[in-house]
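Student: Before I ask anything, let me first share the structure, which is written out below as structure tokens.
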Amino acid sequence: MLKGWGEMENSLEEREKELLAKIDPERLPGHVAIIMDGNGRWAKERGLPRSAGHRQGVETVREIVSCSHRLGIKVLTLFAFSTENWKRPAWEVNYLMSLPQQYLKKELPKLVEENVKVNLIGDPSRLPPPVQKAVNQGLEATRNNTGMVLNFALNYGSRMEIVRAVQGLLADIQEGRHKGPVTEEVFSRYLFTAGLPDPDLLIRTSGEYRLSNFLLWQLAYSELWFTRTYWPDFNRCHLLQAVYDYQQRERRFGKI
Ligand code: V0D
């Protein structure tokens, strides 16, 4: 028997309540990183253009940002656009590039009000100037916020990040700005994620089991959580389930 709209919403809410009751607020993952995969396949299965999958994916971003904020997660990193994504068809890249503006136009007032700080990792210099402008406005408007860090990986690639860190460190050594040993702590200050804690939990949607050049250094000790759910179908209950599973794993680890 198909359920009506009200009942479906209700069951999502019931599930959310159950999960919230099981989650220990004292042992939340401080930093959650997400590879938001499966928009294209979600659209294809519905006979829709890939852009429809991306559009629905933005709705999921709204829900997950809001849920993370309410839960008390300190850093949420979302892999929005990789250095490899430039190889996609021009129309799709153009559509993707319209999303930061679209998202910020609607969400920025709420992010400001909720004390969320927008941050960027990756190389913004290759992004179209209007995208750079929109993103800079988001950074600027939330610069002094002290709540959750909403970290978008835009034109991000982990190997590029590591090579640039080496270049930056080398330049600082050669020009006398860095003296002393090169430790892990020193090196990590040259990454895009300088100042942010490493992710405690990585989530990847859509049944792919790879890191795809995402945060290779930073994920060294993270718990990895995979789901076959496509990103447009991912909701707050999936996030809460991932956090709950993370806490179960932590608990087992502690007993060894
Ligand atoms: C498409 C699913 C939000 C994954 C989510 C440019 C792919 C929706 C942003 C965004 C994308 C980025 C920066 C910012 C504010 C919002 C975004 C892209 C793709 C690629 F400051 N969603 N989103 N950016 N998708």
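Laboratory data are not the source of any read-out in this text; all were calculated from the coordinates shown. Since this is a predicted model, take the numbers as computed values, not measurements. So basically every Cβ, Gly included, is an ideal-geometry build from the backbone, and we count neighbours across all protein chains shown.
Student: Using alpha-carbon pairs under 8 Å, 6+ residues apart, how would you state the relative contact order of the stretch 1-96 in percent?
Tutor: Taking the mean separation of contacting Cα pairs over the length of the stretch 1-96, I get 32 percent.
Student: Where in the chain is the longest stretch that carries no GluC sites (Glu not before Pro) classed as loop by DSSP and with at most 14 other Cβ atoms within 10 Å?
Tutor: 1-174
Student: Could you list the trypsin sites (Lys or Arg not before Pro) in the stretch 107-176 that lie in coil according to DSSP, counting only those with at most 11 other Cβ atoms within 10 Å of their Cβ?
Tutor: ARG143
Student: Same structure again: Counting pairs of alpha carbon atoms under 8 Å apart in space and at least six apart in sequence, what relative contact order in percent does the chain give?
Tutor: 29 percent
Student: While we're here: Taking the Cα-to-Cβ direction at ARG62 and at VAL112 and moving 7 Å from each Cα, how far apart do the two end points lie in nm?
Tutor: Rounded to a tenth, the inter-label distance reads 1.9 nm.
Student: Right, something else. Along the charge dipole of the chain, pointing to its positive end and built from +1/-1 on Cβ of Lys, Arg, Asp and Glu, which listed residue (PRO129, ASN151, ALA21) has its Cα farthest out?
Tutor: Value computed over the given set: PRO129.
Student: Can you give the relative contact order of the stretch 106-183 as a percent, counting alpha carbon pairs under 8 Å and 6+ residues apart?
Tutor: For the stretch 106-183, the relative contact order is 36 percent.
Student: Same structure, new question: Grab the DSSP H runs of the chain that are 4 residues or longer, score each as -39,500 (n - 2.57), total them, divide by all residues and round the 222 nm result to the nearest 500 deg cm²/dmol.
Tutor: Rounded to the nearest 500, it is -15500 deg cm²/dmol.
Student: Enumerate by residue number the chymotrypsin sites (Phe, Trp or Tyr not before Pro) in the stretch 168-256 meeting two conditions: DSSP loop (anything except H, G, I, E, B), and at most 11 other Cβ atoms within 10 Å of the site's Cβ.
Tutor: Loop-located and lightly packed - TYR209, TYR221.
Student: Which helices, counted as full DSSP H runs in the chain, have an axial Cα extent of no less than 20 Å and a Kyte-Doolittle average of -0.5 or above?
Tutor: Helix filter hits for the chain: 158-174.
Student: DSSP loop trypsin sites (Lys or Arg not before Pro) in the stretch 23-104 with at most 14 other Cβ atoms within 10 Å of their Cβ, which ones?
Tutor: Sparse-neighbourhood loop trypsin sites (Lys or Arg not before Pro): ARG46.
Student: Another question, then. Need the C-alpha centroid separation for the stretch 196-226 versus the stretch 8-45, integer Å.
Tutor: Taking the Cα centre of the stretch 8-45 as reference, the centre of the stretch 196-226 is 16 Å away.
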